[in-house]
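Right, one structure below, let's go through it.
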Amino acid sequence: MPQEQLKVLNALDVAKTQWYHFTAIVIAGMGFFTDAYDLFSISLVTKLLGRIYYTHPGSLKPGTLPPNVSAAVNGVAFCGTLSGQLFFGWLGDKMGRKKVYGMTLMMMVVCSLASGLSFGNEPKSVMATLCFFRFWLGFGIGGDYPLSATIMSEYSNKKTRGAFIAAVFAMQGFGNLTGGIFALIVASAFKAAFPAPSYEVNAAASLVPQADYVWRIILMFGAIPAVMTYYWRMKMPETARYTALVANNAKQAAADMSKVLQVEIQEDQEKAVVEKKKNQFGLFSKQFMKRHGLHLLGTALCWFLLDIAFYSNNLFQKDIFTAVGWLPKAQTMSAVQEVYMVARAQTLVSLCGTVPGYWFTVAFIDILGRFFIQLMGFLFMTGFMFGLAIPYNHWTKPGNHIGFVVMYAFTFFFANFGPNATTFVVPAEIFPARLRSTCHGISAAAGKAGAIIGAFGFLYLAQSPDATKTDAGYPPGIGVKNSLMILGGICALGFFATFLVPEANGISLEEMSGENEDQSEDEYQTAGVDNRTVPV
């Protein structure tokens, strides 16, 4: 039986959209802005790193990172992110959202700066230290996923909660866009200050010594937005739901939210104690599995499947960029010119595909609902993947490239106006307050495992079956067409996995998680046996 909700939580649920909502979006969103900048900026400079550290004198083409080095440089941050999502998600439920929020931000600042200060000038030492700092950078970024989502969901009202959480996530698009724009500015400045011929004209002169500063400046810039937000993060009060339901201090929660909402809230401390005693089952208990087991499976599985498809887009970007003339052949450019061209291509992709999709979700998530948007997104992704795969030979012929680009753009528009946003939103809404950050971290970590498979497993899989046509250093694979077919099947699995996830639109967090039900744990125990594990 549902029981009366704590006054402070009810006040948050029915609060009108106010200035503090937008402040919270900006503070939490700037973390995601930084996350996206730091994670995606490495793709802007990998070609430059190859030229600086792996060019062989006399070679007809400029150097590129060997496959194992490229995988390490690009993937080590994903491994760190996965670890951070699990660790900081758990810590956010143990210590509180606010305390841990500051830790993750400072780790991001320090490691962003350190990424540009890699030691030595030998390829091995530079790449090893770069990978070391990017792992810990990813570790800090990982903590931002569960904490930002949980904080925003616990601050929001029922009516616009989905839009607020999605707006935090949508800041990723601006982070990605800013990475491209800043790289354009840096590359333009260095091109003007230190002119250089193309590689085919003069291989040695095409790489000016000052180019070594370019990649370092681009990576280190990621620390600036994080530093700017640190003060405001520390000024935010702990969320009322954590204070009242987990820390068991309803009076403090009421006092904090009275200042935020600018209304007087009087709370009954005894009522909060009763609520806390009622719901104490842990993550590994039968009660949790009975109430939320399928939900956790659904959020983790959907995020895992989505990220395999979403991050595999790295496979096809180089084909698209080359097809439409955005990326000339490497030997026709100088080192800094290549950075400029790569940045221009990524900026255009972000501007036309990534950013609009995110904000479509923000606009419609509380109208259409999470379930519908996720289902629609997976459905269209499946259709467009098969639309790319089945007539793949047609798309590769001269004159047909524009159709390929349009299909590709729609695939990722519906990823962002679809499961890429909803998989972030839903885990922050459907689990109990004392396990909310942990469960979001588990779901996000499953997604990052999918990202690692998508970005690196498929990089090998999509190589041509003809050994003479593979990229340098890669073994033969199954080809791009067959890889696209598999990705279409993965998106179809995501469509069906969505049915495991409940709709949270317009429902309070306590109602979704069952925390305001007038039931004791005795009802979830078999006769005379206590099934409750020690809460984690």
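The condition (being surrounded by fewer than 20 Cβ atoms within 10 Å (Cβ to Cβ), modelled with pLDDT under 85 and not β-branched (Val, Ile, Thr)) is satisfied by just one residue among Lys290, Lys278: Lys278. Out of curiosity, is Ala345 within 24 Å of Ile42 (Cβ to Cβ), crowded, with 17+ Cβ neighbours inside 10 Å and hydrophobic (A, V, I, L, M, F, W, C)? Yes.
Is at least one residue of region 379-392 open to solvent by less than 10 Å² (accessible area, probe 1.4 Å), in a helix (DSSP H, G or I) and modelled with pLDDT of 90 or more? Yes; the residues of region 379-392 include at least one that is open to solvent by less than 10 Å² (accessible area, probe 1.4 Å), in a helix (DSSP H, G or I) and modelled with pLDDT of 90 or more. Considering region 22-49, the residues that are crowded, with 21+ Cβ neighbours inside 10 Å, farther than 18 Å from Thr178 by Cβ and not basic (Lys, Arg) include one that is modelled with the lowest pLDDT, namely Ala24. Reported count of residues in region 153-194, each being of a type in the set (Lys, Arg) and open to solvent by less than 10 Å² (accessible area, probe 1.4 Å), is 1.
Across region 393-406, the qualifying residues are those that are open to solvent by less than 40 Å² (accessible area, probe 1.4 Å) and touching a residue at least 24 places away in the same chain (Cβ under 8 Å), and the one among them that is farthest from Ala167 (Cα to Cα) is Phe404. Within region 359-374, at least one residue is open to solvent by less than 40 Å² (accessible area, probe 1.4 Å), assigned to a loop (DSSP other than H, G, I, E, B) and closer than 23 Å to Pro427 by Cα. Sub-7 Å Cβ pairs linking a first residue in region 71-83 that is open to solvent by 10 Å² or more (accessible area, probe 1.4 Å) to a second residue that is of a type in the set (Lys, Arg), at least 6 apart or interchain, are Val76/Arg134; Phe78/Lys448; Leu82/Lys448, ordered by first then second residue. For region 94-108, a tally of residues being within 17 Å of Phe32 (Cα to Cα) and open to solvent by 10 Å² or more (accessible area, probe 1.4 Å) returns 4. Flag: Pro62 matches the condition of being more than 18 Å from the chain's Cα centre (by Cα) and crowded, with 22+ Cβ neighbours inside 10 Å. Screening the candidates Tyr231, Tyr213 for the property of being farther than 23 Å from Pro328 by Cα, touching a Phe, Trp or Tyr at 6+ places or on another chain (Cβ under 8 Å) and either free of Cβ contacts under 8 Å to residues at least 40 places away in the same chain or open to solvent by 60 Å² or more (accessible area, probe 1.4 Å) (or both) yields one hit, Tyr213. Checking each residue in region 416-473 for being closer than 18 Å to Gly29 by Cα and of a type in the set (D, E, K, R) picks out only Glu429.
Contact annotation: residue pairs with Cβ atoms under 7 Å, 6 or more positions apart or on different chains, pairing a residue in region 109-124 that is within 16 Å of Pro225 (Cα to Cα) with a partner that is open to solvent by 40 Å² or more (accessible area, probe 1.4 Å) and at pLDDT below 90, are Val109/Val227.
Note on region 412-515: enclosed helices (runs of 4 or more DSSP H) holding 1 or more residues that are open to solvent by 30 Å² or more (accessible area, probe 1.4 Å) are 433-452, 458-461, 480-497, 509-513. Annotation: of all residues in region 293-329 being open to solvent by less than 30 Å² (accessible area, probe 1.4 Å) and over 18 Å from Ala497 (Cβ atoms), the one that is modelled with the highest pLDDT is Leu327.
Scanning region 424-473 for residues that are closer than 21 Å to Leu487 by Cβ, among the charged types (D, E, K, R) and at pLDDT 90 or above yields one hit, Lys448.
The values are calculated or read from the model by the stated rules, or taken from the named source; none is laboratory data. On a predicted model such as this, the values are computed, not experimentally measured, just so you know. When we count neighbours, we look across all protein chains shown, and the Cβ atoms used for this are built from the backbone with ideal geometry, even at glycine. With ligands, DNA and RNA removed, areas are computed over all heavy atoms of the protein, side chains included. Shrake-Rupley method; radii C 1.70, N 1.55, O 1.52, S 1.80 Å.
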